[in-house]
Amino acid sequence: MEMNKNIEKWYELHTDEVNALSDDIWAHPEVGMQEHYAAKATAAFMRKYGFEVQELDAAMKGDEPNCVIAKWGSGKPVIGIIGELDALPGLGQEAVPYPSPKPGPGHGCGHNLMAAGCGAAACALKETMEAEGLKGTIVYLGCPAEETFEGKVHMIHNHLFDGIDVCLAWHPMGGAPKAVEICMNACTNMIISFKGRTAHAGGDPHNGRSALDAAELMNVGVQYLREHVTSDVRMHYIYLASGTAPNIVPDFASLNYFVRAQSAETCRDVVARVRKIAEGAAMMTETEVIFEQKAAAYDTMPNFTLNQAMYDSAIKIPEITYTEDEINFAKEVYRNATGKEADHDLLPTTIAPPTGTITSGGGSTDVGDVSYIIPTVQFFGHCRLTGCPSHHWSTTACTGMSIGHKAQIYSGKVLAQNAYDLLHHPEIIEKAWEEHRKNLEGRAPYHCWLDDID
């Protein structure tokens, strides 16, 4: 079994342009919902290769575009290829193997590679379909704000995933490359704020009502809640505001909370309990509590049919070969990131076959929402060094140089080949839908939380 020759030819001709696009996005990192430069650059790339392109504000509020929808072809099947655009706050870093911070955000999760690499997969597939006279439709979705679990949720709410038969995605990851068999956590992100009354903290504190006291009492309550939730639940927070001076009773305090669980139902239940704790803290301190939900993402639902199909396609792609310089770069990154010498393969290249077993994962992604409405497969692998932390300067460094380039080219070929094979075997898509419908049995119907606030 070999990679399709037309896909291979496209990459021979255009690899430098793909790498240039990811480098451009890496050099202009933007946080969630603010990916204006990345959207514009990605849209121009897709337009150049003959796609009908829409540049949109994913939330449809009339703001500057942060989202790209690029379509080509006609008829069935409709294959969606997902890219992501956002960077992470505070992870600016030079492309060097030691900590060298740059001000502002950085691509510490590799989304610059996903924007370019997955867009390139769509372009290679298009040219192959044209050369071979294949019917079908390609939709490339350049998505904002995956890190805050809201971009694809806005896009689903605004019907940008409508009509797609199957979705393919890739994400950089350490370890052996593979089709994902992980059920990632559902997650809700909310801002919880308290309003009180100022007073002189020394002269007349009895006249004050401390919003900070309320926030602290709430957090204490959440610590006690940890004993009484299932082991898959995660609750973490930061302070956004806590007062202005020690001698002023704070009249405003604010917290940013993430609540995660293995299922959306459990997550919603825990969120309701956290809200009750916040209400109790407000009652104890005679303050007012204000809730603002920022995002809510579903758990991911793997599709074994698509996982096997992706594996069968991926083994047709020649494995990555790294240079000695790249291997030494990786070793130095690992040493500086962990304080240890690597005693394992930092850049494994051999794809792992599917096991047919779902494992749980602590992270979250808005790909979960997509997986509840469309059979979806994610390919994980390459660029992030095995054993290095995620959301870390080490990933930002690798995503801005040749290790990242090779990851996006290889993974783009995997997605293009996988989509090509699905075009030739529509029965796999039908079987994936059968599995998808079976997986949904006994679950509450998918509900986009944004539908409640229109």
Problem - Spin-label zone in region 266-310 - amide nitrogen under 13 Å from a point set 7 Å from the Cα of I191 along the C-beta vector - result: 290-295
Handout entry: Computed label-point distance, nm, for sites S360 and Y98 using a 7 Å Cα→Cβ extension
Key = 4.2 nm
Exercise for the section: Could you work out, for region 212-276, what percent of all Cα-Cα pairs fall into each 5 Å distance bin, beginning at 0 Å and stopping at the bin that holds the largest distance? Expected result: 4, 16, 26, 21, 14, 10, 6, 3, 1
Exercise for the section: Rounding to the nearest 20 debye, state how big the charge dipole of the chain is about its Cα centre with +1 on each Lys and Arg Cβ and -1 on each Asp and Glu Cβ. Expected result: 400 debye
Exercise for the section: Please quote Rg/Rh for region 1-120 to two decimal places, taking the Kirkwood radius as Rh and restricting both calculations to Cα atoms. Expected result: 1.01
Fill in the blank from the handout: Helix-only [θ] at 222 nm, the chain, -39500 (n - 2.57) per DSSP H run of 4+, per residue, nearest 500, equals -13000 deg cm²/dmol
Exercise for the section: Please sort 210-216, 434-440, 360-366 by packing, taking for each peptide the average over its residues of neighbouring beta carbons within 10 angstrom, highest first. Expected result: 210-216, 360-366, 434-440
Exercise for the section: Find the percent of Cα-Cα distances in region 346-387 that exceed 17 Å, and round it to a whole number. Expected result: 51 percent
Practice task
Could you please state, rounded to a whole Å, how far the C-alpha centre of region 32-59 is from the C-alpha centre of region 288-354?
Solution key: 25 Å
Completion exercise
For G92, the residues 5 or more places away or on another chain with a placed amide H closer than 5 Å to its own amide H are K102, G104, G106
Fill in the blank from the handout: Protection proxy (average C-beta count within 10 Å per residue), highest first, orders 57-63, 265-271 as 265-271, 57-63
Practice task
Give me the number: length gained by fully extending D452 to S242, i.e. 0.36 nm times residue separation minus the C-alpha to C-alpha distance, one decimal in nm.
Solution key: 72.6 nm
Problem - q = 0.16, 0.18, 0.24, 0.29 Å⁻¹: log10 I(q)/I(0) that the Debye formula gives for region 139-206, counting C-alpha atoms only - result: -0.79, -0.94, -1.27, -1.37
Handout entry: the chain - Rg over Rh from alpha carbon coordinates, Kirkwood radius
Key = 1.01
Practice task
Any chance you could run the full-extension gain for M60 through R443? It's 0.36 nm times the residue separation minus the Cα-Cα distance, nm to one decimal.
Solution key: 134.9 nm
Practice task
Quick one: give the max-minus-min coordinate of the C-alpha atoms of region 186-296 along each principal axis, largest first, in Å.
Solution key: 50, 24, 18
Exercise for the section: Return P(r) of region 297-359 (all Cα-Cα pairs; 5 Å bins starting at 0; whole %; ordered from short to long distances). Expected result: 3, 14, 16, 14, 13, 13, 18, 8, 0
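Values in this text are rule-based calculations from the coordinates and carry no lab data. Owing to the predicted nature of the structure, the values given are computational and were not obtained by experimental measurement. Glycine also receives a Cβ, built like all others from the backbone with ideal geometry; neighbour counts cover every protein chain displayed.
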